Ligand SMILES: Cc1cc2nc3c(=O)[nH]c(=O)nc-3n(C[C@H](O)[C@H](O)[C@H](O)COP(=O)(O)OP(=O)(O)OC[C@H]3O[C@@H](n4cnc5c(N)ncnc54)[C@H](O)[C@@H]3O)c2cc1C
């Protein structure tokens, strides 16, 4: 039987773009993916951002559809919660789930390489690495790009376009005429890999102070990946002071167990922290943005990639035979997904404030009361609901907001009085 002749063009070959290529390859006669970076199977260490990623229920819900979930799982460590390390070498365990569920932790590079290899093995997918796109003509359905160092501009026609080109998406910028809402934090992050510590390997570890925080993920191949979040303006005092006064004062345990950590952080790669939202996610019924191109969140709930993968799960219901199904419209996709992206953006922002020591005493008290009220009513705590359920983020956020509004001021004040100073 002759296959319909349609081309899916994917602009951006990060994790979401690659997953989209694999997931939708059977709906199109040809899939062409443009990515400006080098082929990750040809070079190591191609992916600069975050060495480790957390995958939770929403991510798995989509990855399962790709047909090689077990292979991805075989590269993951299971984490059951966080160890909150306090200054005096005491630590407190915070389970991710009240019933012992675990999230998965994987190295970004290993999942990137696996998705690339799987996409490459599918006959109708063409991976075009080292190809940078510049512009789209939505009316004529053409993407303009250049190859490697060659400045000649070429074009490629599409029947359906998926913009998966990340937070600085040029496709989203065109759809929104530059009107996206970016929020850049004053904090930045840096990452290092270390070995030789004996922390529990089935959990995330963190040390937080009002000035800076350190998080540590165990790495599948051994050791830990540490990230430091700090104000850009504190770089010199925190990381370049020969006396190490600030660093050792804030993180005595890290300073004594990994004496080289401060120097390693000073030289490490990292990036800015921020979030993004945009109003317009589609053009007609043949172009759409997904993943960080449409929405980017602070990484403290571990939901950025998971939300991008969830976009693909829903988009999957819209596509058939090289187009959007009869009677369906991308405006509905956008209306379905945008509130979810906005809700996880807010939840992640709050978690960022919590984990980086920006909460005031009242906020700590409120958080404890909300958690206990959720527990009393048999509902999942916010983190667990985001990580282990497929409940819409907007419903999770609304529930939390409702409880927050119902908190009695006396109840809050009583608890504030009993709390240790954070
Ligand atoms: C520190 C940190 C930790 C994180 N931890 C987690 C986590 O634990 N769990 C989680 O779910 N999420 C996490 N995230 C978020 C996650 O990394 C992103 O949500 C995810 O990578 C987005 O994938 P994407 O494919 O949409 O975009 P990207 O990964 O940004 O991919 C976009 C691709 O498009 C390409 N591109 C862009 N412009 C062009 C162009 N003009 N021409 C050609 N190619 C182009 C880029 O080179 C890139 O490869 C974290 C983020 C950070 C910063």
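What the Cβ-Cβ distance of residue 245 and residue 402 gives, at R0 = 60 Å and to the nearest 0.05, is a FRET efficiency of 0.85. For the stretch 7-48, backbone nitrogen atoms closer than 12 Å to the point 7 Å from residue 321 Cα along Cα-to-C-beta are found at no residue. GNM remark for the chain: springs join alpha carbons under 10 Å apart, and the peak mean-square fluctuation among 299, 242, 98 falls on 242. For the chain, the longest principal axis of the alpha carbon atoms and the long axis of helix 393-406 meet at an angle near 30°.
Taking the DSSP beta bridges with both ends in the chain, the antiparallel portion is around 70 percent. Entry note, the chain: relative contact order of 19 percent, from Cα contacts under 8 Å with a spacing of 6+ residues. By the Stokes-Einstein formula, at 0.692 mPa s and 37 °C, the stretch 222-356 with its Kirkwood radius over alpha-carbon pairs has D equal to 184 µm²/s.
Enter the angle in degrees (range 0 to 90, nearest 10) between the Cα long axis of helix 15-24 and the first principal axis of the Cα atoms of the chain, meaning the one along which they spread out most. Relative to the chain, helix 15-24 is tipped by roughly 40 degrees.
Rounded to the nearest whole angstrom, the semi-axes of the ellipsoid equivalent to the stretch 183-273, taken from the Cα gyration tensor as √(5λ), stand at 20, 16, 12, largest first. Classified by the C-alpha gyration tensor, the stretch 1-122 has a prolate form. Its axis ratio a/c, with a ≥ b ≥ c, is 1.5 or above, and a/b is larger than b/c.
Normalised by residue number, the volume inside the convex hull of the Cα atoms of the stretch 63-137 is 217 Å³ per residue.
Taking 88, 323, 269 as the candidate residues, the one with maximal mean-square fluctuation in a Gaussian network model of the chain, Cα springs under 10 Å, is 88. FRET efficiency for the pair residue 70 and residue 92, taken as 1/(1 + (r/R0)^6) with r the Cβ-Cβ distance and R0 = 25 Å, rounds to 0.15. When you count the other C-beta atoms within 10 angstrom of each residue and take the mean per peptide, 206-218, 378-390, 138-150 line up highest first as 206-218, 378-390, 138-150. Its Kirkwood hydrodynamic radius, worked out from the mean inverse distance over all distinct Cα pairs, puts the stretch 344-396 at 11.8 Å. Could you work out how far the C-alpha centroid of the stretch 312-368 sits from that of the stretch 198-223, in angstrom? Centre-to-centre distance over Cα atoms comes out at 26 Å.
A Cα-only calculation for the stretch 367-418 places Rg and Dmax at 11.9, 37 Å. Over the stretch 143-270, Cα pairs under 8 Å with separation of 6+ residues give a relative contact order of 20 percent.
Axis angle, to the nearest 10 degrees, between helix 330-355 and the longest C-alpha principal axis of the chain: 20 degrees. Shape analysis of the chain based on the Cα gyration tensor places the equivalent ellipsoid semi-axes at 38, 26, 20 Å, largest first.
Going by Cα centres, the stretch 224-241 and the stretch 117-152 are how many Å apart? Rounded to whole Å, the Cα centres lie 38 Å apart. What is the stretch 279-422 by shape, rounded, prolate or oblate, if you read a ≥ b ≥ c off the alpha carbon gyration tensor as root eigenvalues and call it rounded for a/c under 1.5, prolate for a/b larger than b/c, and oblate otherwise? Taking the square roots of the gyration eigenvalues as a ≥ b ≥ c, the stretch 279-422 is prolate. The simple Förster model, with R0 at 35 Å and r as the Cβ-Cβ distance, assigns residue 202 and residue 124 a FRET efficiency of 0.30.
Throughout, read-outs are computed from the coordinates displayed, never taken from laboratory work. Only a predicted model underlies this, so the values are computations on that prediction, with no experimental measurement involved. Quick reminder, even Gly has a Cβ in these numbers, built from the backbone with ideal geometry, and neighbours come from all protein chains shown.
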